[in-house]
1. For the range 128-141, state whether one or more residues are part of a helix (DSSP H, G or I) and over 30 Å from Val273 (Cα atoms).
2. Just for strands (runs of 3 or more DSSP E) wholly inside the range 13-109: which have at least 3 residues that are at pLDDT 90 or above and closer than 30 Å to Lys121 by Cα?
3. Does Ile137 meet the test of being surrounded by fewer than 22 Cβ atoms within 10 Å (Cβ to Cβ) and touching a helix residue (DSSP H, G or I) at 6+ places or on another chain (Cβ under 9 Å)?
4. With respect to Glu331, is the statement that it is among the acidic types (Asp, Glu) and at pLDDT 95 or above true?
5. For the range 219-265, name all the residues that are open to solvent by less than 60 Å² (accessible area, probe 1.4 Å), in contact with a Leu (Cβ under 8 Å, 6 or more places away or on another chain) and part of a loop (DSSP other than H, G, I, E, B).
6. Which of the following residues is surrounded by 14 or more Cβ atoms within 10 Å (Cβ to Cβ), at positive phi and without any contact (Cβ under 8 Å) to a residue 40 or more places away in the chain: Asn149, Asn159, Asn115?
7. Test of understanding: among Lys258, Lys250, Lys242, which residue is modelled with pLDDT of 95 or more and of a type in the set (Lys, Arg)?
8. Starting from residues that are open to solvent by 40 Å² or more (accessible area, probe 1.4 Å) and not in a loop (DSSP other than H, G, I, E, B), keep the ones in the range 166-190 and report whichever is nearest to Glu287 (Cα to Cα).
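The values are calculated or read from the model by the stated rules, or taken from the named source; none is laboratory data. From a predicted model like this one, the values you see are computed outputs, not experimental measurements. All Cβ positions, glycine included, derive from the backbone under ideal geometry; neighbour counts span all protein chains shown. Surface areas here come from the heavy atoms of the whole protein model, side chains and all, with no ligands, DNA or RNA. Shrake-Rupley method; radii C 1.70, N 1.55, O 1.52, S 1.80 Å.
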Amino acid sequence: MRRYLEIKEELIKIVAEMEPGKPLPSRPHLCDKLETTRTTLDRAIQELEKEGVVYSKAGSGTYAIGILQGKVDTVENWGVIVPSISEEIYSLLTRGIENIACRRGANIILCNSDNDPEKQKYYIKRLLLAGVSGFIIVPIISYNVEVSNILYGTLLKSNIPFVLCNRSVEGIHAPTVRSNDFYGGYIATKHLISKGYCSIAYIAQTIYSVSIERCQGYISALMENGYEIDRSMIIIPYEEKKNGVYENMKQLLSQEKKPDAVFCFNDKVAVNVCRAVQDMGRKVSEEVGIIGYDNNIYASVNHPPITTIAFKSMEIGEKAAEILVKLIRGEKLNSNFNEYLYQPSIVERESCLGKGKNKF
């Protein structure tokens with residue numbers, strides 16, 4: 001047997017006696033103990049990292065994961081519930097959670113709620129029965145405080161640690177990690193103003209906490225720059241309708257006072273707004289500037305590509321997982337104010353170059 005394979009087998013025996021998350025002895029110590037060279041030891045550890053037996057942190061050391069030869073030693077299971085893993089923002093968020101779970105030696109049980117309260121309720125109960133160590137949840141969009149209290153009240157009563165991502169829930173006090181939606185709406189609108197647009201609309205699919213916060217950022221930017229707030233330019237329906245965004249944009253372009261730019265709640269909205277503008281015979285950017293939100297594939301492949309607001313989905317997922325680890329360990333968080341905000345940023349493309357400007 002090649003020497004590094006022998007060292008690998010010896011390391012497995014050492015890790016088998018360790019608790020997940022505990023550091024291995026230093027590499028110089030292991031070299032002495034196993035009577036091997038640093039090069040051989042490093043190669044053996046690299047293979048164990050690929051196999052998920054250990055993980056290394058730069059400047060910190062190598063740690064046991066605790067899953068060896070089909071045996072699971074006190075491994076944690078985390079319940080992760082998102083609206084849809086197929087959406088890029090949630091796949092990145094989940095990847096961030098996974099990064100921390102891997103270091104912790106925890107398993108992730110991933111569920112898609114599809115923004116359905118009954119489905120989310122089912123998954124919460126099912127995961128509680130499965131004995132998960134904690135939850136990370138992107139809450140469903142709900143207009144009913146009573147429904148929300150029932151959904152998350154179960155978790156509160158169970159005393160199972162949980163962290164919310166992307167949006168908070170009224171009446172539920174839990175650590176929440178999300179993007180600063182107010183600031184995102186503010187910088188989006190400021191960007192349109194800086195390009196010379198002066199009649200700026202805001203369009204969302206439906207009204208809920210996040211769409212309101214982005215609208216508040218939009219209004220603040222307009223007021224700061226001395227723009228009059230025209231309520232007819234703000235479209236936030238109480239119910240989402242099929243083709244509603246497209247029809248609402250066409251209606252805005254048909255009225256006497258027409259928008260020369262639109263801040264859109266997200267990139268899906270922006271794509272439909274763009275289609276309405278083009279179908280009405282108007283030119284995107286040159287006549288109507290458009291900015292979206294989320295920085296997903298819809299914006300980048302559109303013609304023209306849509307300027308958008310990007311937020312740090314992976315970092316949000318990592319932070320939520322780090323907080324969950326502390327809660328599982330029984331550690332106190334640093335503050336009673338347990339809301340963590342990440343600042344979004346602008347990704348500039350060709351949909352709002354400025355009035356009279358069009359790359360196409």
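1. yes
2. Ranges flagged: 77-82.
3. Spelling it out, it is not the case that Ile137 is surrounded by fewer than 22 Cβ atoms within 10 Å (Cβ to Cβ) and touching a helix residue (DSSP H, G or I) at 6+ places or on another chain (Cβ under 9 Å).
4. So Glu331 does not fit the description; no.
5. Once the filter is applied, which keeps residues that are open to solvent by less than 60 Å² (accessible area, probe 1.4 Å), in contact with a Leu (Cβ under 8 Å, 6 or more places away or on another chain) and part of a loop (DSSP other than H, G, I, E, B), the range 219-265 yields Ile229, Pro259.
6. Asn115
7. Numbers: Lys258 fails: modelled with pLDDT of 95 or more; Lys242 fails: modelled with pLDDT of 95 or more.
The unique qualifying residue is Lys250.
8. Here the answer is Lys190.
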